[in-house]
Amino acid sequence: KAGVTQTPRYLIKTRGQQVTLSCSPISGHRSVSWYQQTPGQGLQFLFEYFSETQRNKGNFPGRFSGRQFSNSRSEMNVSTLELGDSALYLCASSFDRPDEKLFFGSGTQLSVL
Amino acid sequence: KNEVEQSPQNLTAQEGEFITINCSYSVGISALHWLQQHPGGGIVSLFMLSSGKKKHGRLIATINIQEKHSSLHITASHPRDSAVYICAVRQGAQKLVFGQGTRLTINP
């Protein structure tokens with residue numbers, strides 16, 4: 001069974017640009033959550049989707065958005081990139097309930113220059 | 001004060017030693033996760049606890065709901081256990097809140 005797949009693995013952007021990251025969950029998993037990891041702040045929750053609906057949202061500005069498609073694949077978008085958005089972005093999937101075991105992707109390393 | 005506090009932040013030990021990493025939280029929770037992150041970024045979920053104790057191989061996780069405290073133990077530690085261990089809690093259906101992580105180094 002394939003694991004959680006995140007694309008791209010690395011990304012370099014400049015300030016002011018926008019970026020879209022993709023996450024394909026494990027087959028059959030309907031919950032997808034996104035996280036930002038930086039050396040200074042550690043891991044922080046971005047948002048969580050279940051059956052195409054946003055179930056939870058973290059404390060991030062509106063520049064950060066996401067969506068989930070009917071096949072449970074999810075995308076997150078960051079508009080008007082800032083230097084501080086440089087981070088490892090991780091997604092995780094679980095079957096149904098948010099308190100089930102999470103399966104993480106390898107992440108997308110975003111560098112904003 | 002962070003909602004989730006881990007101790008120690010860094011831990012270095014010799015191969016074979018018994019390791020304990022602690023996690024304290026300040027809110028009522030529905031679940032607590034222990035995660036392992038190796039260099040390169042990949043995160044593996046080790047345990048998800050809502051009560052009691054779980055064991056998987058050389059790893060043991062316990063949680064005391066009344067004291068709002070969880071511990072992760074590693075028996076017979078090995079250099080391949082070197083990683084960052086992260087505690088995360090969920091309150092009801094709310095977002096996951098993470099501890100700052102414990103960097104473990106096991107020397108041969």
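Worth pointing out:
- Of A:Leu81, A:Thr14, A:Phe69, farthest towards positive along the dipole that unit charges on Lys, Arg, Asp, Glu beta carbons give the protein assembly as shown: A:Phe69
- Protection proxy ranking for B:53-65, B:94-106, using the average of other Cβ atoms within 10 Å per residue and placing the highest first: B:94-106, B:53-65.
- A DSSP coil position with no more than 16 other Cβ atoms inside 10 Å describes the following chymotrypsin sites (Phe, Trp or Tyr not before Pro) in segment A:18-113: A:Phe69, A:Phe95.
- Here is the result for segment A:30-72: no trypsin sites (Lys or Arg not before Pro) lie in DSSP coil with at most 10 other C-beta atoms within 10 angstrom of their C-beta.
- Estimated vicinal HN-Hα couplings, Hz - segment B:13-27 in sequence order (Karplus 6.51, -1.76, 1.60; Gly, Pro = x): 9, 8, 3, x, 6, 8, 10, 10, 10, 10, 9, 10, 9, 10, 10
- Annotation: for a label point projected 7 angstrom from Cα along Cα→Cβ of B:His73, residues of segment B:43-67 with backbone N closer than 19 Å are B:46-67.
- About the centre of its Cα atoms, chain A shows a dipole size close to 140 debye [charges on the beta carbon of Lys, Arg (+1) and Asp, Glu (-1) only; nearest 20 debye].
- Neighbouring Cβ atoms from other chains, within 10 Å of the Cβ of residues in B:35-42, number 4 on average.
- Taking the Cα centre of chain B as origin and assigning +1 to Lys and Arg Cβ atoms and -1 to Asp and Glu Cβ atoms, the resulting dipole is close to 280 debye.
- Integer Hz, Karplus 6.51/-1.76/1.60 couplings in order for segment B:31-41, x for Gly and Pro: 7, 10, 10, 10, 10, 10, 10, 8, x, x, x
- Taken residue by residue and averaged, Cβ atoms of other chains lying within 10 Å of the Cβ of A:100-113 number 3.
- Label separation (B:His56 vs B:Glu17): 2.5 nm, computed from points 7 Å beyond Cα along the C-beta direction.
- Residues whose amide H comes within less than 5 Å of that of B:Gly101, counting only those at least five positions distant or on another chain, are B:Gln6, B:Cys87 (H built at 1.01 Å from N in the peptide plane).
- With K and R counted +1 and D and E -1, the other residues having a Cβ less than 13 Å from that of A:Asp85 yield a net charge of +2.
- In sequence order, calculated HN-Hα J values of segment B:78-95 (Karplus, 6.51, -1.76, 1.60; Hz; x Gly/Pro): 9, x, 5, 7, 4, 4, 9, 10, 10, 9, 9, 10, 10, 9, x, 9, 7, 5
- Per residue of peptide A:46-57, the mean number of Cβ atoms on other chains within 10 Å of the residue Cβ is 1.
Laboratory data are not the source of any read-out in this text; all were calculated from the coordinates shown. Keep in mind that this is a model prediction, so the values were computed, not measured. As a convention, Cβ positions derive from the backbone with ideal geometry for all residues, glycine included, and neighbour counts pool all protein chains shown.
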